[in-house]
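Structure first, then comments.
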Amino acid sequence: MKSTPPLRLAMWSGPRNISTAMMRAWGNRPDTIVCDEPLYAYYLAATKKDHPGAAEVIEHGETDWRRVVDELTGPLPTGKSVYFQKHMTHHLLPAIGCDWLGRVTNCFLIRHPRDVLTSYIKIVPNPTLDDTGFPQQREIFEWVRTNRATIPPVIDAVDVLANPRRVLGLLCDALGVEFQDCMLAWTPGLRSTDGVWARHWYKEVETSTSFRPHTPKADAVPERLGKLHRACLECYETLYEHRLH
């Protein structure tokens with residue numbers, strides 16, 4: 001009997017999304033291993049960005065992107081058939097390129113720029129367009145669509161929070177794997193697979209046990225970020241029209 005090839009699933013998200021909760025969902029599957037932003041240490045070492053705990057991230061992570069890619073595209077542990085890779089789109093710097101994306105299965109997690117920016121500026125007060133990850137997300141999406149001759153799966157955070165069972169089921173169907181109910185609930189707390197930056201960024205998900213219902217935010221994007229917001233929105237809308245729903 002022919003064995004099914006492993007699924008190396010690269011999920012591309014920007015910051016301040018539900019990507020860590022998504023990592024919890026996939027990490028709850030017994031057939032799955034997960035990794036948390038494997039290119040982050042390389043990104044910080046290359047850009048010298050002043051992120052919380054940057055020195056610690058660099059010290060504990062792999063700063064050679066070639067080694068990271070080799071690991072992401074390498075064999076899976078015995079008994080595992082899915083490798084869920086939580087990626088931030090802005091970590092894929094131009095020096096890395098996109099060629100290796102042909103050796104993984106790519107999907108995209110999007111969130112409305114209003115919700116991203118009003119959350120992100122609480123940690124990074126003056127983000128640039130590249131900091132948001134929106135243009136890189138569109139670029140990666142277009143690369144996959146062009147070079148793989150297929151439209152990769154896209155899910156929107158609001159849709160996931162409104163009906164996790166349905167949207168995760170649609171995603172699993174699109175990926176050719178069976179949905180498992182264990183993806184809908186998990187125990188609280190941090191994980192050994194979380195990055196060392198978890199204490200800076202994961203306060204909300206640390207106490208979570210499932211996808212929390214979406215609550216519309218009253219915060220408005222500051223007027224000074226109006227141009228940035230519009231640029232992000234243009235990128236977001238490109239992917240939104242392809243979302244699974």
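Treating each Cα of segment 7-240 as one equal point scatterer and applying the Debye formula with no solvent, the log10 of I(q)/I(0) at q = 0.10 Å⁻¹ comes out as -0.43. Shown is the FRET efficiency for ASN163 and THR4, computed with R0 = 30 Å from the Cβ-Cβ distance and rounded to the nearest 0.05: 0.60. Taking other C-beta atoms within 10 Å as the exposure proxy, GLU62, GLU237, GLU178 rank GLU178, GLU237, GLU62 from fewest upward. Entry note, the chain: the mean residue ellipticity at 222 nm calculated from DSSP H runs of n ≥ 4, each adding -39500 (n - 2.57), is -11000 deg cm²/dmol after division by the residues and rounding to the nearest 500. Exposure proxy shown here: for ASP31, ASP99, ASP115, ASP156, the number of other Cβ atoms within 10 Å sets the order, fewest to most, as ASP99, ASP31, ASP115, ASP156.
Placing a label point 7 Å from the Cα of HIS245 along the Cα-to-Cβ direction, the residues of segment 96-123 with a backbone N closer than 14 Å are 110-113. Each Cα pair under 8 Å and six or more residues apart adds its sequence gap; the mean of these over the residue count of segment 12-65 is a relative contact order of 30 percent. Counting lysine pairs in the chain that sit 8 or more residues apart in sequence, or on different chains, and whose Cα atoms lie under 30 Å apart gives 22. With neighbours defined as other Cβ atoms within 10 Å of a residue's Cβ, the residues THR209, THR78, THR63 order from fewest to most as THR78, THR209, THR63.
No value in this document is a laboratory result; all are computed from the given coordinates. None of these values were measured; they are calculated from a predicted model. Glycine also receives a Cβ, built like all others from the backbone with ideal geometry; neighbour counts cover every protein chain displayed.
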